[in-house]
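The values are calculated or read from the model by the stated rules, or taken from the named source; none is laboratory data. Bear in mind that the values here come from a model prediction, so they are computed numbers and not experimental data. Positions of Cβ are generated from backbone atoms using ideal geometry, with glycine treated the same way; all protein chains shown enter the neighbour counts.
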Amino acid sequence: PFGHAGENALNECMLNFGGFDHNLQTLRIVMFLENKYLKFQGLNLTFETLDGLLKHNGPFYDFDKLDSIIGIKKFKNKIKFQNNTSLEAQLASISDDIAYNNHDIQDGIKAKLFTLNELIEINFFKEIYKSYKRNIKRDNKDIIIYQIIRDSINLMVKDIIKNSIKNIKKNKIKKLFDVQSNEYQTVIFSEKFQNIETEIKQFLKIKMYNNKNVMKKNNNGKKIIKKLFKTIIKKPNKY
């Protein structure tokens, strides 16, 4: 709960136990905690799938944390930590960014942290807004915002498809090894949309993430997580 603030709170609570990382926790769940089969522990996922979970944010280098939480020997000769992950995993990662940014924009306007007029100061959203503003039969701001978000997601997805195909052809990618050993990620935005994403993230940081009320709620959320942790750690068998 409480998003990244909750994760940060858990990490602070877990420092003496190797810390907390949601990607590693996902691995722990699918490898050890989620038991559905008699013949093996966990879900018996392929190493390609585990590789994608581990390297959700790109090549992995925090070996001490991995060893303390999962055990690094389990991946010996199975995963090359410095390499890129599969196309599917790269796509999942960038899709996460698209969803995160666009939903935060929608939530930010709904929470009145910024206005539609402030949003369309970003040229990307201004062009979207201008493209159909003249054809809107009723000036309903909620519908306009929904439409802007849909168009934003659509344009980002189209850019990823176009740029990824370009990268696959350029780097002569034919198989998984080609993807993983490539110096750069294959499924990425074009330079134009990378700049757009940076501008959107900067806007959200100023208008939303650094907002005093948002930060206050995040801090309250962290306090709740820490209190729950202290309560559970005292009598873990009770819960």
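Kindly indicate which of Ile160, Ile153, Ile149, Ile232 is over 21 Å from the mean Cα position of the chain (by Cα) and among the β-branched types (Val, Ile, Thr).
So the residue among Ile160, Ile153, Ile149, Ile232 that is over 21 Å from the mean Cα position of the chain (by Cα) and among the β-branched types (Val, Ile, Thr) is Ile232.
Within region 112-121, does at least one residue satisfy the condition of being in a helix (DSSP H, G or I), surrounded by 11 or more Cβ atoms within 10 Å (Cβ to Cβ), in contact (Cβ under 8 Å) with a residue 12 or more places away in the chain and in contact with a Gly (Cβ under 9 Å, 6 or more places away or on another chain)?
yes
Matching residues to (1) more than 30 Å from Gln106 (Cα to Cα); (2) without any contact (Cβ under 8 Å) to a residue 12 or more places away in the chain; (3) out of contact with any strand residue (DSSP E or B) (no Cβ under 7 Å at 6 or more places or on another chain):
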site	(1), (2), (3)
Ile149	no, no, yes
Lys172	yes, yes, yes
Asp178	yes, yes, yes
Gln194	no, yes, yes
Ile200	no, no, yes
Asn218	no, no, yes
Leu228	yes, yes, yes
Ile232	yes, yes, yes
Pro236	yes, yes, yes
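Within region 78-92, take every residue that is free of Cβ contacts under 8 Å to residues at least 60 places away in the same chain and buried (at least 18 other Cβ atoms within 10 Å of the Cβ) and give me the one that is nearest to Phe63 (Cα to Cα).
Out of the qualifying residues, it is Ile79.
Among Glu12, Glu88, Glu34, which is acidic (Asp, Glu) and closer than 30 Å to Ile173 by Cα?
Glu88
If you go through region 8-22, how many residues are in contact with a helix residue (DSSP H, G or I) (Cβ under 8 Å, 6 or more places away or on another chain) and surrounded by fewer than 16 Cβ atoms within 10 Å (Cβ to Cβ)?
3
In region 214-223, is there at least one residue being among the small types (Gly, Ala, Ser), closer than 25 Å to Glu7 by Cβ and in a helix (DSSP H, G or I)?
yes
Conditions: (1) loosely packed, with under 15 Cβ neighbours inside 10 Å; (2) free of Cβ contacts under 8 Å to residues at least 40 places away in the same chain. Asn163 meets all but one. Number of the miss?
Going through (1) loosely packed, with under 15 Cβ neighbours inside 10 Å; (2) free of Cβ contacts under 8 Å to residues at least 40 places away in the same chain one by one, Asn163 breaks only (1).
Residues of region 46-77 being part of a helix (DSSP H, G or I) and either among the polar types (S, T, N, Q) or over 23 Å from Phe17 (Cβ atoms) (or both), which ones?
Of everything in region 46-77, those that are part of a helix (DSSP H, G or I) and either among the polar types (S, T, N, Q) or over 23 Å from Phe17 (Cβ atoms) (or both) turn out to be Phe47, Glu48, Thr49, Asp51, Gly52, Ser68.
Looking at region 37-56, I want the residues that are in the same structural domain as Leu24 (by TED's automatic domain parsing) and have a partner that is charged (D, E, K, R) and surrounded by fewer than 15 Cβ atoms within 10 Å (Cβ to Cβ) with Cβ atoms under 8 Å, at least 6 apart or on another chain. Which pairs are those?
Gly42/Glu34; Leu43/Glu34; Leu43/Lys36; Phe47/Lys78; Gly52/Glu88; His56/Asp96
Assess whether Ile161 counts as being of a type outside the set (Ser, Thr, Tyr), closer than 18 Å to Asp107 by Cβ and in a helix (DSSP H, G or I).
So Ile161 fails the test.
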